[in-house]
């Protein structure tokens with residue numbers, strides 16, 4: 001049996017989905033919002049694809065689309081992680097008191 | 001090191017490390033003690049992934065990349081730093097929408113570059129490969145739905161779209177499924193069309209996806225938006241995964257799939273907390289005031305109200321107080337005032353705890369975040385199952401801008417729209433004070449019979465102002 005790139009990709013997709021399912025079994029309601037927000041930031045991983053889509057200097061349509069993808073993905077990543085941290089910092093601070 | 005070695009060995013190892021960091025990150029995010037660390041781990045994983053992506057590119061023109069990243073960082077950081085804790089659900093929805101559209105843009109850009117600009121002969125499937133062509137269309141479809149769906153969710157959360165009420169078009173299921181089917185057909189045609197003819201079909205697909213996002217979200221009421229945002233979060237993960245198939249990058253496939261699955265589970269957990277099925281949420285129309293709700297009139301007949309001074313006198317003799325915060329507290333930004341009142345009462349020897357309904361506020365866990373912001377100790381926030389047996393032996397309950405989650409009708413009338421939804425049994429306490437701006441209904445659009453109970457007193461007004469009044473009165477005791 002030899003696996004083509006698509007099949008390997010599908011294997012990876014299915015296995016990673018199981019990892020995702022297994023990780024989120026018991027979450028206290030307190031963490032629903034931060035968890036959603038943190039996972040949301042991770043979905044900005046599409047930035048890796050966006051970077052590869054804007055690599056030439058002349059402003060072609062493909063490049064502009066790629067650059068737009070970089071802007072939106074970066075907003076998702078930077079904003080997502082920062083806002084999650086802001087929320088979680090609040091849970092942390094009362095611990096010390 | 002040659003660029004080939006970097007591409008064939010170094011970059012894949014970087015991506016692998018970043019995958020592992022994502023797994024640890026999400027895992028740790030699901031426990032209170034390790035959550036912040038988990039978020040940091042995931043962020044480091046993301047940074048590594050970006051470094052890997054830049055290394056993989058080698059020497060290219062970086063101006064667009066750098067410009068886009070700088071602009072995105074400024075916008076993202078500005079939003080994240082300035083947003084009020086009360087608007088957190090809107091923020092998550094907005095970022096989610098950006099993530100979705102980014103995946104769709106990546107796919108469109110790849111398509112445009114390889115098919116339209118380089119213009120190879122043959123069908124789209126022949127030019128970029130069948131698998132890639134299919135996943136390009138899927139990225140556009142899912143990413144587009146995620147984008148407009150998230151924007152509508154944001155507007156519903158803000159109440160700027162018909163006050164968050166469901167918008168029900170005639171024959172909406174027919175229209176929605178028709179458009180979904182049409183969009184899939186456009187996508188299929190775009191895959192098999194000759195490269196030069198495919199643009200119109202791709203644009204039709206994109207347009208269809210954007211409209212679908214709106215149609216799927218508008219019939220769902222504002223109260224259910226957290227579930228929708230969580231589900232859209234799952235979609236944005238799947239969209240990223242599809243983009244991973246397009247560019248053949250396992251990191252995107254894995255990261256996207258994990259977020260997709262985790263988002264789906266989280267959505268399910270939220271539905272269970274509301275005693276609803278996901279299908280029931282998605283069909284929409286929940287909370288429409290159609291007046292067909294049996295004999296129960298929406299008019300209130302015997303409501304008693306009082307001012308802060310009377311409430312303070314009752315509080316003077318109370319040994320135990322439970323505070324139930326709801327969305328009204330968030331709107332009034334009253335989280336600091338409520339803590340101040342609690343501190344005053346505690347200084348007088350009164351036992352104060354908080355009863356947190358799983359869907360209090362606008363998003364599960366939203367109240368916990370708000371009260372944490374006001375330095376309310378974590379141990380005082382009790383979940384519904386823990387606090388419900390306590391109400392019988394409690395002297396005073398103060399309900400701050402919560403409504404449906406304390407409506408006893410949920411467990412009494414099986415025809416009620418909120419029948420079966422678990423509630424906080426506030427009515428079992430000796431005295432109940434409801435701080436609310438008016439008698440207007442909550443998201444479910446129904447009357448709350450608790451307001452007519454003999455042991456209930458309404459204190460009308462903005463939660464913060466009422467609390468400040470109460471604080472003044474308690475100080476004078």
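The values are calculated or read from the model by the stated rules, or taken from the named source; none is laboratory data. In this text the structure is predicted, and so the values were computed from the model without any measurement. Every residue, glycine among them, receives a Cβ derived from its backbone with ideal geometry; neighbour counts consider all protein chains shown.
Observations on the structure shown:
- Condition check for residue B:5: at pLDDT below 90 and more than 7 Å from chain A (Cβ to nearest Cβ): yes
- Any hit, the stretch B:214-227, residues being under 15 Å from residue B:139 (Cα atoms) and part of a helix (DSSP H, G or I): no
- Restricting attention to the stretch B:16-35, the residues that are within 8 Å of chain A (Cβ to nearest Cβ) and buried (at least 16 other Cβ atoms within 10 Å of the Cβ) total 9.
- Flag if residue B:368 is in contact with a helix residue (DSSP H, G or I) (Cβ under 9 Å, 6 or more places away or on another chain), free of Cβ contacts under 8 Å to residues at least 60 places away in the same chain and over 22 Å from residue B:440 (Cα atoms): yes
- Condition broken by residue B:409, with the remaining ones in (1) more than 26 Å from the chain's Cα centre (by Cα); (2) surrounded by fewer than 21 Cβ atoms within 10 Å (Cβ to Cβ) satisfied: (2)
- Among the residues of this structure, residue A:64 does not count as one that is facing another protein chain (nearest Cβ under 7 Å) and either under 19 Å from the mean Cα position of the chain (by Cα) or under 26 Å from residue B:117 (Cα atoms) (or both).
- Comparison of B:78, B:107 shows that the only residue that is out of contact with any strand residue (DSSP E or B) (no Cβ under 7 Å at 6 or more places or on another chain) and outside the structural domain of residue B:200 (by TED's automatic domain parsing) is B:78.
- Failed criterion for residue B:96 (all others in (1) assigned to a helix (DSSP H, G or I); (2) more than 9 Å from chain A (Cβ to nearest Cβ); (3) farther than 17 Å from residue A:52 by Cβ hold): (2)
- Of all positions in the stretch B:376-387, none carries a residue that is assigned to a loop (DSSP other than H, G, I, E, B), modelled with pLDDT under 85 and surrounded by 17 or more Cβ atoms within 10 Å (Cβ to Cβ).
- Given (1) surrounded by fewer than 15 Cβ atoms within 10 Å (Cβ to Cβ); (2) modelled with pLDDT of 85 or more; (3) within 23 Å of the chain's Cα centre (by Cα), number of the condition residue B:420 does not satisfy: (2)
- On the stretch given as the stretch B:248-279, residues that are over 18 Å from residue B:363 (Cα atoms) and either more than 7 Å from chain A (Cβ to nearest Cβ) or crowded, with 22+ Cβ neighbours inside 10 Å (or both) total 13.
- In the stretch B:353-364, the residue that is surrounded by the most Cβ atoms within 10 Å (Cβ to Cβ) out of those that are farther than 20 Å from residue B:333 by Cβ and modelled with pLDDT of 90 or more is B:355.
- The set of residues in the stretch B:329-343 that are more than 11 Å from residue B:464 (Cβ to Cβ) and touching a strand residue (DSSP E or B) at 6+ places or on another chain (Cβ under 6 Å) contains only B:342.
- Set side by side, the residues B:8, B:30, B:2, B:18 differ, and just one is out of contact with any strand residue (DSSP E or B) (no Cβ under 6 Å at 6 or more places or on another chain) and in contact (Cβ under 8 Å) with a residue 24 or more places away in the chain, which is B:18.
- Only residues that are out of contact with any helix residue (DSSP H, G or I) (no Cβ under 6 Å at 6 or more places or on another chain) and within 20 Å of residue B:308 (Cβ to Cβ) were counted across the stretch B:400-409, and they come to 1.
- Of the residues making up the stretch B:451-468, those that are crowded, with 20+ Cβ neighbours inside 10 Å, part of a helix (DSSP H, G or I) and either out of contact with any strand residue (DSSP E or B) (no Cβ under 6 Å at 6 or more places or on another chain) or modelled with pLDDT of 90 or more (or both) are B:451, B:464, B:466, B:467.
- The stretch B:118-135 residues that are at positive phi, paired with ones that are assigned to a helix (DSSP H, G or I) (beta carbon under 8 Å, 6 or more apart): B:119/B:195; B:119/B:196; B:122/B:195
- Any hit, the stretch B:102-118, residues being within 30 Å of residue A:55 (Cβ to Cβ), more than 13 Å from chain A (Cβ to nearest Cβ) and in a helix (DSSP H, G or I): no
- The single residue among B:392, B:346 that is touching a strand residue (DSSP E or B) at 6+ places or on another chain (Cβ under 8 Å), at pLDDT 90 or above and surrounded by fewer than 21 Cβ atoms within 10 Å (Cβ to Cβ) turns out to be B:346.
- Selected residue (criterion: surrounded by the fewest Cβ atoms within 10 Å (Cβ to Cβ)) from residues of the stretch B:56-80 that are more than 7 Å from chain A (Cβ to nearest Cβ) and in contact with a helix residue (DSSP H, G or I) (Cβ under 6 Å, 6 or more places away or on another chain): B:58
- Residue within the stretch B:249-256 that is part of a loop (DSSP other than H, G, I, E, B), in contact (Cβ under 8 Å) with a residue 12 or more places away in the chain and either within 19 Å of residue A:28 (Cα to Cα) or in contact with a helix residue (DSSP H, G or I) (Cβ under 7 Å, 6 or more places away or on another chain) (or both) present: yes
- The condition (being farther than 30 Å from residue B:358 by Cα, within 7 Å of chain B (Cβ to nearest Cβ) and either at pLDDT below 85 or touching a strand residue (DSSP E or B) at 6+ places or on another chain (Cβ under 7 Å) (or both)) is satisfied by just one residue among A:28, A:5: A:5.
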